[in-house]
Every structure is written in structure tokens, then in C-alpha cells.
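Chemist: For reference, the structure I am asking about is given below.
The values are calculated or read from the model by the stated rules, or taken from the named source; none is laboratory data. Note that the structure is predicted; figures quoted are calculated from it, not measured. Here the Cβ positions follow ideal geometry from the backbone for every residue, glycine too, while neighbour counts run over all protein chains shown.
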């Protein structure tokens, strides 16, 4: 696939690593519960063991996804299906982070009506459009 991003797209996408680096740094960060759900809802010990076993690999994978995203922002280029999936995962993490912090999950489907008042929700909507484009390209 050939990825063509506008200057504005790139300007927003390059902010994703910094956004995700703040997850867990903010006190009572709503993004934590969305990005790091317990593997076993009713078994905290099993969830802790799961995190111990795979947590570092998940972090490595997330960093690799961000590296692919940053490479994409440097130039229009051909990307593989696997690279497109990496970009999709990085965008999804950013979208979930922004939505959680803007309480979009708490307000249900009505969050769309607040887009004009909340820049974070505008970014959630924009990232959703980009995700949709990527999914369409991967499906076609």
C-alpha cells in the first residue's frame, strides 16, 4: 500500500508517542483502565501473573508499532500489510487514550456532539477516520 499523509496528518501523528508516554504518569489516568485491562476480570492474581509473563513483550511490541508510525510520518512511502497493522494499533492506542481522558466512554454515544467544544474529542474523531481508511485499505 502507498501511504499518503498531508502535512497536517503528519503533524498530529508525530504527537502520538508523546501522548502514549504520558499514560500512567497522570494521577488517576483514565487511559490505564482502557489500555491495560485485566486479562482475567475476576482473578487479580491471574491477571498479575499474565502481566508478569507478557507485559514486557507487549511494551516492546507497542514501541515497535510507534517506530513504524514515526517512519510513516517522515515520507510518503509504500508500506506492507504488517506495517499498516502496526500503524493501526498505534493509532488505536492514541484514540483510546484520548477518548478515556475526555470521558467519552462514560457519556456513551453522545460524545460526538461535544467534538466542536473539545479538541481531544476532535482528535478522537479524526483518528477514527484514519483508522477507517486503514481498515478499508487492509480489507480491499
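Chemist: What residue, among those in segment 27-41 that are free of Cβ contacts under 8 Å to residues at least 24 places away in the same chain and either more than 26 Å from residue 71 (Cα to Cα) or outside any loop (DSSP other than H, G, I, E, B) (or both), is nearest to the chain's Cα centre (by Cα)?
Modeler: For segment 27-41, the residue satisfying everything is 32.
Chemist: Further question on the same structure: Need the failing condition index for residue 2 against (1) more than 20 Å from residue 123 (Cβ to Cβ); (2) surrounded by 11 or more Cβ atoms within 10 Å (Cβ to Cβ); (3) touching a strand residue (DSSP E or B) at 6+ places or on another chain (Cβ under 7 Å), just the number.
Modeler: (2)
Chemist: Quick one: how many residues across segment 73-107 are within 15 Å of the chain's Cα centre (by Cα) and more than 24 Å from residue 118 (Cα to Cα)?
Modeler: 5
Chemist: Residue by residue through segment 120-137, note down the ones that are out of contact with any helix residue (DSSP H, G or I) (no Cβ under 6 Å at 6 or more places or on another chain), surrounded by 11 or more Cβ atoms within 10 Å (Cβ to Cβ) and over 15 Å from residue 9 (Cα atoms).
Modeler: Within segment 120-137, 135, 137 qualify.
Chemist: Looking at segment 14-21, is at least one residue farther than 20 Å from residue 130 by Cα and either out of contact with any strand residue (DSSP E or B) (no Cβ under 6 Å at 6 or more places or on another chain) or exposed (fewer than 12 other Cβ atoms within 10 Å of the Cβ) (or both)?
Modeler: yes
Chemist: Shifting gears a bit: Where residues in segment 97-114 are modelled with pLDDT of 80 or more and crowded, with 16+ Cβ neighbours inside 10 Å, which of them is nearest to residue 58 (Cα to Cα)?
Modeler: That would be 97.
Chemist: If I ask for residues that are out of contact with any helix residue (DSSP H, G or I) (no Cβ under 9 Å at 6 or more places or on another chain) and assigned to a helix (DSSP H, G or I), which ones from segment 3-26 would you list?
Modeler: 7, 8, 18, 21
Conditions tested, residue by residue: (1) closer than 14 Å to residue 98 by Cα; (2) modelled with pLDDT of 90 or more.
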| position | (1), (2) |
| --- | --- |
| 2 | no, no |
| 5 | no, no |
| 11 | no, yes |
| 19 | yes, yes |
| 22 | yes, yes |
| 31 | yes, yes |
| 36 | no, no |
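Chemist: Return the residues of segment 80-96 that are over 11 Å from residue 62 (Cα atoms), without any contact (Cβ under 8 Å) to a residue 24 or more places away in the chain and either surrounded by 18 or more Cβ atoms within 10 Å (Cβ to Cβ) or in contact with a helix residue (DSSP H, G or I) (Cβ under 8 Å, 6 or more places away or on another chain) (or both); say none if nothing qualifies.
Modeler: Hit for segment 80-96 is 83, nothing else.
Chemist: Out of everything in segment 42-79 that is out of contact with any helix residue (DSSP H, G or I) (no Cβ under 9 Å at 6 or more places or on another chain) and in contact (Cβ under 8 Å) with a residue 60 or more places away in the chain, what residue ends up being surrounded by the fewest Cβ atoms within 10 Å (Cβ to Cβ)?
Modeler: 78
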